[in-house]
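Enquirer: Right, I'll just put the structure down here and ask away after.
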Amino acid sequence: RAKSLGRGKICTYEPSMDEANRVRAELAIDLKRALAGNELELHYQVQNDTSTGDIVGFEALIRWNHPQKGRIPPDAFIPIAEETGLIVEIGDWVLRTACTTAAQWRLPFKVAVNVAPMQLNHDLPRRVAEILKQTGLAPARLEIELTETGIIADRQHALHVVLALKATGVTVAMDDFGTGYSSLSTLQAFPFDKIKVDKSFIQAVETSAHAAAIVKATLLLGRSLNIPVLAEGVETTRHLDFLREEGCNSVQGYLFGRPMPVEIVNRMIDDAKASNQPASDTRKAPT
Ligand code: C2E
Ligand code: MG
Ligand code: MG
Ligand code: MG
């Protein structure tokens, strides 16, 4: 009885592996069409100064609106884009779209763009410089986000790329800090302009003394190295209170806003612009 159950298990396991591979292969084909077919979209999530609450920038996050399958999250298709090499073209599109959008904002907020490991091997600094020139975005307004996994393959080359990126005038942030193999030695070797503490630590600060200690230590580290620290995944006022108390520079998370479509972000920026300059605010009729 047990034996046949075991055999049955194997039989149902194998087809499901095939099924998973089939779905991936299908997505890979669909993804090629997605780029040309306007199915990709960038959403933008606000980043705020922790002490003043002022908006400091927005992170661009890719969305895929699949015509049949609906919205597919980046974690489900970015790895496929990397395997197929399509990430280079998608990465270009992301950079170009984010820079075009930010160049049109009425306030000079920064835009942060995630870059995949493979993009580092395809002339990233030159592409970035070209896109900045074409879109007219000031280099200082673009932040490139790199994760440690993007760096481990060839650290020497990655360092070269980061230095070349910085030479164009953009800033470079280390994303998902604390989740890599050797975050500390990466931090030592690379001249990052910002540390983004991974959301898994922030979300555990209330329930795990360890997580709280790690966040505190990271903030201390940032302060001693003179590198500003941003906390991701800030969802509650208690997260925010903790981060404020510990001197975190900036914050990003659902407490301040979900990633939003570009029209909503543009309206939000127009409002911010209007409230800074009451004289030009035509919505308030004089009484
Ligand atoms: P990431 O760069 O670390 O982005 C942060 C992720 O956390 C985003 O997920 C964001 O929606 C989510 N998030 C933000 N605030 C909160 C919060 O308060 N709570 C929770 N639970 N989550 C929050 P998303 O948009 O699904 O993106 C996932 C990952 O996909 C990104 O992680 C990034 O690694 C990758 N990705 C997104 N867009 C791009 C892109 O244009 N290019 C590349 N190469 N990767 C991208
Ligand atoms: Mg990121
Ligand atoms: Mg992150
Ligand atoms: Mg991440």
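The values are calculated or read from the model by the stated rules, or taken from the named source; none is laboratory data. On a predicted model such as this, the values are computed, not experimentally measured, just so you know. Cβ: placed from backbone, ideal geometry, glycine included. Neighbour counts: every protein chain shown.
Enquirer: Quick one: is residue 60 within 16 Å of ligand 3 (Cβ to nearest atom) and either surrounded by 14 or more Cβ atoms within 10 Å (Cβ to Cβ) or not in a helix (DSSP H, G or I) (or both)?
Expert: yes
Enquirer: Out of the residues in the range 175-186 meeting the condition of being within 16 Å of residue 224 (Cβ to Cβ) and within 16 Å of ligand 4 (Cβ to nearest atom), tell me which one is surrounded by the most Cβ atoms within 10 Å (Cβ to Cβ).
Expert: 177
Enquirer: Among the residues of the range 226-249, write down those that are within 15 Å of ligand 1 (Cβ to nearest atom) and surrounded by fewer than 21 Cβ atoms within 10 Å (Cβ to Cβ).
Expert: Matches in the range 226-249: 233, 235, 236, 237, 238, 242.
Enquirer: Check the range 235-245 and report whether any residue there is within 20 Å of the chain's Cα centre (by Cα) and within 16 Å of ligand 2 (Cβ to nearest atom).
Expert: No, the range 235-245 contains no residue that is within 20 Å of the chain's Cα centre (by Cα) and within 16 Å of ligand 2 (Cβ to nearest atom).
Enquirer: Can you name the residue in the range 63-78 that is within 15 Å of ligand 2 (Cβ to nearest atom) and outside any loop (DSSP other than H, G, I, E, B) and is also nearest to residue 273 (Cα to Cα) among such residues? Reasoning before the result, please.
Expert: Of the range 63-78, the ones within 15 Å of ligand 2 (Cβ to nearest atom) are 63, 73-75, 78.
Imposing the further condition that a residue be outside any loop (DSSP other than H, G, I, E, B) reduces the set to 63, 74-75, 78.
Values: 63: 27, 74: 31, 75: 34, 78: 34 Å.
Residue satisfying both the conditions and the ranking: 63.
Enquirer: Regarding the range 71-89, can at least one residue be identified that is under 23 Å from residue 127 (Cα atoms), acidic (Asp, Glu) and within 10 Å of ligand 1 (Cβ to nearest atom)?
Expert: The answer is yes; a qualifying residue exists.
Enquirer: Here is a follow-up. Taking the criterion of being buried (at least 17 other Cβ atoms within 10 Å of the Cβ), at pLDDT 95 or above, more than 26 Å from residue 134 (Cα to Cα) and β-branched (Val, Ile, Thr), would at least one residue in the range 33-52 satisfy it?
Expert: Checked the range 33-52: at least one residue is buried (at least 17 other Cβ atoms within 10 Å of the Cβ), at pLDDT 95 or above, more than 26 Å from residue 134 (Cα to Cα) and β-branched (Val, Ile, Thr).
Enquirer: Specify which of the listed residues (189, 217, 213) is under 28 Å from residue 127 (Cα atoms), over 17 Å from the mean Cα position of the chain (by Cα), away from ligand 4 (no atom under 16 Å from the Cβ) and surrounded by fewer than 17 Cβ atoms within 10 Å (Cβ to Cβ). Give the steps one after another, and end with the answer.
Expert: Working: 217 fails: under 28 Å from residue 127 (Cα atoms); 213 fails: under 28 Å from residue 127 (Cα atoms).
Residue meeting the stated conditions: 189.
Enquirer: Taking interchain pairs and intrachain pairs at least six residues apart, which have beta carbon atoms under 9 angstrom, with the first residue in the range 172-189 and at pLDDT below 90 and of a type outside the set (S, T, N, Q) and the second within 14 Å of ligand 4 (Cβ to nearest atom) and in a strand (DSSP E or B)?
Expert: 180/147; 180/174
Enquirer: Continuing with the same structure: Would the range 258-281 turn up any residue that is within 16 Å of ligand 4 (Cβ to nearest atom), hydrophobic (A, V, I, L, M, F, W, C) and modelled with pLDDT of 95 or more?
Expert: From the range 258-281, those within 16 Å of ligand 4 (Cβ to nearest atom) are 258-259; that's our starting set.
Going one step further and asking which of them are hydrophobic (A, V, I, L, M, F, W, C), we end up with none.
Within the range 258-281, not a single residue is within 16 Å of ligand 4 (Cβ to nearest atom), hydrophobic (A, V, I, L, M, F, W, C) and modelled with pLDDT of 95 or more.
Enquirer: Pull out all pairs, ordered by first then second residue, where Cβ-Cβ is under 9 Å, the residues are six or more apart or on different chains, the first lies in the range 250-263 and is within 18 Å of residue 199 (Cβ to Cβ) and basic (Lys, Arg), and the second is in a strand (DSSP E or B) and within 14 Å of ligand 3 (Cβ to nearest atom).
Expert: 258/45
Enquirer: So, restricting to helices (runs of 4 or more DSSP H) that lie completely within the range 104-177, which ones have at least 1 residues that are within 13 Å of ligand 2 (Cβ to nearest atom)? Even if it seems obvious, please write down each step before you answer.
Expert: Details: elements: 124-135, 149-152, 155-167.
Those helices (runs of 4 or more DSSP H) span 149-152.
Enquirer: Let me ask something additional. Select, from 102, 158, 153, the only residue that is surrounded by fewer than 20 Cβ atoms within 10 Å (Cβ to Cβ), closer than 24 Å to residue 195 by Cα and in contact with a Pro (Cβ under 9 Å, 6 or more places away or on another chain).
Expert: Step by step, each of 102, 158, 153 is checked, and only 153 is surrounded by fewer than 20 Cβ atoms within 10 Å (Cβ to Cβ), closer than 24 Å to residue 195 by Cα and in contact with a Pro (Cβ under 9 Å, 6 or more places away or on another chain).
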